[in-house]
Amino acid sequence: MEKKYDFLIVGAGLFGSVFAHEMTKRNKRCLVIDKRDHLGGNVYCEEKDGINVHKYGAHIFHTNDKKIWDYVNQFATFNNYINSPISLSKGKMYNLPFNMNTFYQLWGTKTPEEAKAKIDEQIAKYGTKSPQNLEEQALSLVGKDIYETFIKEYTEKQWGKKATELPAFIIKRLPVRYTFNNNYFNDVYQGIPIGGYNVIIDGLLKDIDTKTSIDFFENRTELEALAEKVVYTGKIDEFFNYKFGQLEYRSLRFENETLDIDNYQGNAVVNYNDAEYEFTRIIEHKHFEFGKQSKTIITREYPENWDTGKEAYYPINNDENQEIFKKYKEESLKLKHVIFGGRLAEYRYYDMHQIIASALKKVDEISKVEGLD
């Protein structure tokens with residue numbers, strides 16, 4: 001019996017949506033399904049009181065890749081939002097990322113030479129040549145004041161462990177800028193799609209068959225029978241029924257509040273570094289699109305331990321988990337009818353532009369093999 005579709009795509013996030021769009025352009029029939037009751041995965045925006053609420057955490061598009069920037073601009077017009085977070089620590093407000101504004105607020109230094117001397121002095125005093133944990137790594141990169149003011153308590157909340165118990169590799173580098181520049185990403189292209197990320201997803205999936213509130217694992221045999229190949233973007237260990245053990249993640253909980261004022265914090269992102277706050281940051285969504293609404297909506301973001309009933313956000317890429325993932329990766333390569341892609345299937349953290357690039361690369365690889373180009 002002929003299959004109805006060429007590809008069954010499990011997960012309607014960015015990877016699955018880009019893959020479906022590109023394969024449809026190549027005259028392949030695609031069905032996109034998602035367990036949630038909406039399309040878009042983690043970039044989904046929920047419109048409320050005229051404000052696009054980033055339902056699964058703040059998403060700011062940024063890239064240095066013109067090809068990727070041109071790609072997303074097919075589907076949406078981007079505004080000129082520049083991510084410039086504020087950090088609240090010990091009752092004081094600081095600019096991020098670490099730059100001359102931050103150093104002036106922290107020490108009163110006015111020149112790059114003064115700031116660099118201060119940091120070098122602290123690295124010499126508190127750093128070590130072979131850091132054994134995150135705390136030693138951070139002290140060796142930026143010294144004591146920056147570490148204790150901005151990194152220690154925030155990171156411990158984020159990962160649910162003491163900084164001395166976290167591996168050094170979590171912080172590979174800490175960008176320090178000796179200019180008065182609060183642009184967090186510093187990428188050539190940056191912004192928020194006007195109307196929210198749903199505009200992009202709707203454009204990608206236009207005229208493509210989609211079904212929401214469908215659990216792949218509850219209907220696996222029936223769903224796989226519909227298509228020649230499966231594109232799987234969910235947790236790779238779940239696909240293989242956890243046969244080599246369960247991979248670990250960190251999760252997040254979001255607490256939304258609508259306020260009857262037009263401006264709560266004057267910025268889209270404010271980090272709360274101190275341990276006395278259980279949440280790590282507050283997002284005020286209207287500022288992503290320079291909203292003028294009479295109300296505002298804020299979201300407090302709480303890091304949490306992950307279990308199977310929660311959303312998996314950040315892979316915990318320690319040695320133990322990487323060993324487990326390696327076994328699943330080897331197993332996945334044996335399946336010629338299943339394509340694994342995206343953050344959960346590849347057990348790695350991706351930014352949005354990286355997800356799109358990964359999906360386009362996968363499409364190109366398949367197209368070459370099947371002679372579709």
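The values are calculated or read from the model by the stated rules, or taken from the named source; none is laboratory data. The structure presented is a predicted model; accordingly, all values stated were derived computationally and were not measured. Ideal geometry is used to build each Cβ from the backbone, glycine not excepted, and the neighbour counts take in all protein chains shown. Surface areas here come from the heavy atoms of the whole protein model, side chains and all, with no ligands, DNA or RNA. Shrake-Rupley method; radii C 1.70, N 1.55, O 1.52, S 1.80 Å.
If you take the residues of the stretch 152-165 that are touching a residue at least 24 places away in the same chain (Cβ under 8 Å) and not charged (D, E, K, R), which of them is most open to solvent (accessible area, probe 1.4 Å)? The selected residue is Thr164. In the stretch 166-216, the residue that is most open to solvent (accessible area, probe 1.4 Å) out of those that are modelled with pLDDT under 95 and not in a loop (DSSP other than H, G, I, E, B) is Phe169.
The condition of being surrounded by fewer than 16 Cβ atoms within 10 Å (Cβ to Cβ), within 30 Å of Glu284 (Cβ to Cβ) and touching a helix residue (DSSP H, G or I) at 6+ places or on another chain (Cβ under 9 Å) holds for Asp262. Screening Tyr104 with (1) without any contact (Cβ under 8 Å) to a residue 12 or more places away in the chain; (2) under 23 Å from Asn64 (Cα atoms) gives one miss only, at (2). Among the residues of the stretch 114-150, the ones that are part of a helix (DSSP H, G or I) and either without any contact (Cβ under 8 Å) to a residue 40 or more places away in the chain or open to solvent by 50 Å² or more (accessible area, probe 1.4 Å) (or both) come to 23 in all. Just one of the listed residues (Asp237, Asp262, Asp274) is at negative phi, at pLDDT 95 or above and in a helix (DSSP H, G or I), namely Asp237. Which members of the stretch 242-259 meet the condition of being at negative phi and either of a type in the set (Lys, Arg) or in contact with a helix residue (DSSP H, G or I) (Cβ under 8 Å, 6 or more places away or on another chain) (or both)? Within the stretch 242-259, Lys243, Phe244, Gln246, Leu247, Glu248, Arg250, Arg253 qualify.
Scanning the stretch 6-42 for residues that are open to solvent by 10 Å² or more (accessible area, probe 1.4 Å), of a type in the set (Val, Ile, Thr) and closer than 22 Å to Tyr347 by Cβ turns up just one, Val10. Here the condition is being under 25 Å from Thr221 (Cα atoms), in contact (Cβ under 8 Å) with a residue 60 or more places away in the chain, open to solvent by less than 50 Å² (accessible area, probe 1.4 Å) and outside any loop (DSSP other than H, G, I, E, B); of Glu301, Glu346, Glu331, it holds for Glu331 alone.
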